[in-house]
Amino acid sequence: MPRTAEAERNDRALLKAAREVLAIDGVHASVASIAARAGVGIGSLYRRYRSKDELFQHLVEVALDQWTEIAEQAMAKDDPWDGIVHYVTSAVGMGSLAPLAGKVTITAEMAAKNARSDEAFEALVGNAHKAGVLRKDVTLVDVLLIIEQLTKSPLIEQLQQQGRDDMLEAARNAQRRVTAIALAGLRPSDQPMPGEPPGMDLFTERWSSAGSGRS
């Protein structure tokens, strides 16, 4: 295997492992556990990333590109509701980077990618509102918070830790069902939502503390 191909394979494995370890251990995920899960030596990890922070920064950048891509795919759907379903189900399947909030230094590249991702998602939600397929009082932050909540699955994580591979598909199916139930709640309704709509600052402010003392 050529060195470049091997390096790319190792990088994909490291990013996948970092997501999985983050889901279980949160920001306290160790470099050693990430390398072990990826099946690469810790030296290989440090040849690619100078620090855990740099690894996590790249992980966020990749995720932001993926979120932009799925938003663009969603906008291409003929039915705006199908677009919302595509975005939510795809994002839930990607996993959450919320544990990194306030723990990773925001780079200029991350900020730029985040702006593109937000713009694409705002267009998707606006399109769904305009078409009347998304309830008027649901904001884009509501949808983002639903995704964040649905992504965290203690059931799947516990089964993975226990090595119960025989039950994982059933657990993932249960997660898909819960996602579908949540999506049904986004449909237009005469029943008002409780409280005031959350502002974007509720979702983003937690990312701003790193480096002074975001996904």
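Laid out as a table, the results:
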| item | result |
| --- | --- |
| Within the range 23-67, trypsin sites (Lys or Arg not before Pro) in DSSP loop having at most 16 other beta-carbon neighbours inside 10 Å | R50 |
| Rh (Kirkwood; distinct C-alpha pairs) - the range 42-86, Å | 12.4 Å |
| Full-stretch length increase - S189, E148 - with 0.36 nm per residue and alpha-carbon distance subtracted | 12.5 nm |
| Low-density loop positions, chymotrypsin sites (Phe, Trp or Tyr not before Pro), the range 69-174 - DSSP coil, at most 15 other Cβ in 10 Å | none |
| Loop-located GluC sites (Glu not before Pro) in the range 50-92, at most 11 other Cβ atoms within 10 Å (DSSP) | none |
| The range 1-64: C-alpha gyration tensor shape, a/c 1.5 cut-off, then a/b vs b/c | prolate |
| FRET efficiency for S51 and E72, using Cβ-Cβ distance with R0 set to 45 Å, rounded to 0.05 | 0.90 |
| 25 °C / 0.890 mPa s Stokes-Einstein diffusion coefficient of the range 87-215, Kirkwood radius on C-alpha pairs, µm²/s | 148 µm²/s |
| Label-point separation in nm, Q158 to A182, each point 7 Å along Cα→Cβ | 1.9 nm |
| Geometric extent, Cα atoms of the range 58-115 - Rg, Dmax (angstrom) | 12.8, 39 |
| Translational diffusion coefficient (Stokes-Einstein; Kirkwood radius from C-alpha pairs) of the chain at 25 °C, 0.890 mPa s, in µm²/s | 132 µm²/s |
| Simple label model, 7 Å out from Cα along Cβ direction - K136 to S30, nm | 5.5 nm |
| Three-way shape call for the range 155-206 based on the alpha-carbon gyration tensor, with the a/c threshold at 1.5 | oblate |
| Cα-projected label distance for R206 with R116, points at 7 Å along beta-carbon direction, nm | 2.6 nm |
| Reference-scaled alpha-carbon Rg (2.2 N^0.38 Å with N residues) for the range 33-156 | 1.21 |
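Just so you know, all these numbers are worked out from the coordinates, no wet-lab data involved. Only a predicted model underlies this, so the values are computations on that prediction, with no experimental measurement involved. For neighbour counting, all protein chains shown are included, and Cβ atoms are generated from backbone atoms with ideal geometry for every residue, glycine included.
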